[in-house]
Amino acid sequence: MELAIYNIKGEDTGRKAVLNDQVFAIDANEHAVYLDVKQYLANQRQGTHKSKERSEVSGSTRKLHKQKGGGGSRIGDINSPVLVGGGRVFGPRPRDYRFKLNKKLKNLARKSALTVKVQENQIVIVEDFTFEAPKTKDFVNVTRNLKLEGKKVLLVSAEANENVYLSARNVPGAKVMRASDINTYALLDNKGIILTESGLDVINKL
């Protein structure tokens, strides 16, 4: 599979980039994508949620009335979950939501996401570039020239470029990543992927 290579002015350079069919043209596995996205989101959770149980609520432990003979229901102390202000039954406790996935499955999920993006014409290949200084306007101009202005955009390059990163940092919906750090969630959570030539070389080896 081949895609045209553009420069940051949005002009076709006349050259073609070769996309590895084993990465960009596989049978997309939706379940693998689902599991990888689920793991990514689970790993973002802090898991610090907590509610007070019966033994932790501040209140007297005196039995409100005797067990039998009163003609009413049995009841213990004022911290009972059935009373207003009492403890919570089976409330949330701090826990770790992380779980493990096999490397092969995660790799399949990434390839499936890339395949979907190619099929939806949401990948643009550009020549390697940099900015002389961090300027948000420069990055906005790039997205405008590539007809991606105002959209959630992911820029993938082979190496980290501080000026490009700082230029994109204040653009709503824009994200910059190294090709070696991409994940399924990041690939899907956008409306367009700007992929540099050097970044493509790394992804072609997935």
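What the table below lists for this structure:
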quantity: The range 133-143: number of residues that are crowded, with 16+ Cβ neighbours inside 10 Å, farther than 19 Å from residue 13 by Cβ and β-branched (Val, Ile, Thr); calculated: 1
quantity: Test for residue 148: is it under 16 Å from residue 197 (Cα atoms) and either buried (at least 20 other Cβ atoms within 10 Å of the Cβ) or β-branched (Val, Ile, Thr) (or both); calculated: no
quantity: In the range 21-74, the residues that are open to solvent by 40 Å² or more (accessible area, probe 1.4 Å), in a loop (DSSP other than H, G, I, E, B) and within 29 Å of residue 182 (Cα to Cα); calculated: 25, 27, 28, 29, 45, 46, 48
quantity: Boolean, residue 160 is under 20 Å from the mean Cα position of the chain (by Cα), modelled with pLDDT under 95 and of a type in the set (A, V, I, L, M, F, W, C); calculated: yes
quantity: Per-region count, the range 162-196, residues closer than 18 Å to residue 139 by Cβ, outside any strand (DSSP E or B) and open to solvent by less than 70 Å² (accessible area, probe 1.4 Å); calculated: 9
quantity: Residue in the range 90-132 that is least open to solvent (accessible area, probe 1.4 Å), counting only those that are closer than 19 Å to residue 189 by Cα, not acidic (Asp, Glu) and not in a helix (DSSP H, G or I); calculated: 125
quantity: Residue in the range 132-150 that is among the aromatic types (Phe, Trp, Tyr) and in contact with a strand residue (DSSP E or B) (Cβ under 8 Å, 6 or more places away or on another chain) present; calculated: yes
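The values are calculated or read from the model by the stated rules, or taken from the named source; none is laboratory data. The structure presented is a predicted model; accordingly, all values stated were derived computationally and were not measured. Every residue, glycine among them, receives a Cβ derived from its backbone with ideal geometry; neighbour counts consider all protein chains shown. What goes into the accessible areas is simple: the full protein's heavy atoms, side chains included, and nothing from ligands, DNA or RNA. Shrake-Rupley method; radii C 1.70, N 1.55, O 1.52, S 1.80 Å.
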